[in-house]
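Colleague: Just passing along the structure, written as structure tokens.
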């Protein structure tokens, strides 16, 4: 078995994974509430007892261990819509998932459906305290305000409060593939713990310059890997040629 080829292949697979993550970050640099991701790799040591010297027995491979998202706060982006909100600090708005259950998002673009419930820009109903949608009477649709603790108030008083859920371990939160997050083990914040800012949304925390720099670094690493592969091929060819001359 050519161990060096497998090690290089492991490295190049990790580079491809990094490139996929960086490209996804770049594609979502203007997505409301998007959190940039970072790939997470794990070193795997394989020992080869047949190696001639002890230093050659351990072989290090790269394993894809998943991805984690950067929880840094994005900038406030004013929209002029009093229903739009940004969560200040950790947490996610709870919404009804398309396939059932609960999903989470930091994209605070809020509208009122024709049926009277508050929903995200994509039409998913936003859940309030108790896990139920928040209904708005037709005569109060244009008179809604959202306070810092998430309370929805109409012309005749409070109508409900936005549920903000936090996760003690952010690794329990992962993208669903539909622009929202899935997670288990979350805890709903109380009114005293909730901090919302209305009139705008949270911009993506992706920094395009940093991601472009990462892409250049990935390209250079791949080029270096290719040069190493070519050097090893040349070394094998020279060894074969010398062995052939010895057998003549």
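The values are calculated or read from the model by the stated rules, or taken from the named source; none is laboratory data. All values derive from a computational prediction rather than experimental measurement. Quick reminder, even Gly has a Cβ in these numbers, built from the backbone with ideal geometry, and neighbours come from all protein chains shown.
Colleague: State whether the residues of the stretch 127-141 include one that is closer than 22 Å to residue 199 by Cα, surrounded by 18 or more Cβ atoms within 10 Å (Cβ to Cβ), within 20 Å of the chain's Cα centre (by Cα) and at pLDDT 90 or above.
Modeller: No.
Colleague: Next up: Scan the stretch 128-136 and tell me whether some residue there is part of a loop (DSSP other than H, G, I, E, B) and touching a helix residue (DSSP H, G or I) at 6+ places or on another chain (Cβ under 6 Å).
Modeller: Checked the stretch 128-136: no residue is part of a loop (DSSP other than H, G, I, E, B) and touching a helix residue (DSSP H, G or I) at 6+ places or on another chain (Cβ under 6 Å).
Colleague: OK, next. Modelled with pLDDT of 90 or more and not assigned by TED's automatic domain parsing to the domain that holds residue 116: does that describe residue 212?
Modeller: yes
Colleague: Against the conditions (1) under 22 Å from residue 17 (Cα atoms); (2) more than 22 Å from the chain's Cα centre (by Cα); (3) in contact (Cβ under 8 Å) with a residue 40 or more places away in the chain, where does residue 220 fall short? Just the number, please.
Modeller: Failed condition: (3).
Every residue, every condition in (1) over 25 Å from residue 219 (Cβ atoms); (2) modelled with pLDDT under 85; (3) assigned to a helix (DSSP H, G or I), yes or no:
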| site | (1), (2), (3) |
| --- | --- |
| 8 | no, yes, yes |
| 19 | no, no, yes |
| 25 | no, no, yes |
| 34 | no, no, no |
| 43 | no, yes, no |
| 51 | yes, yes, no |
| 61 | no, yes, no |
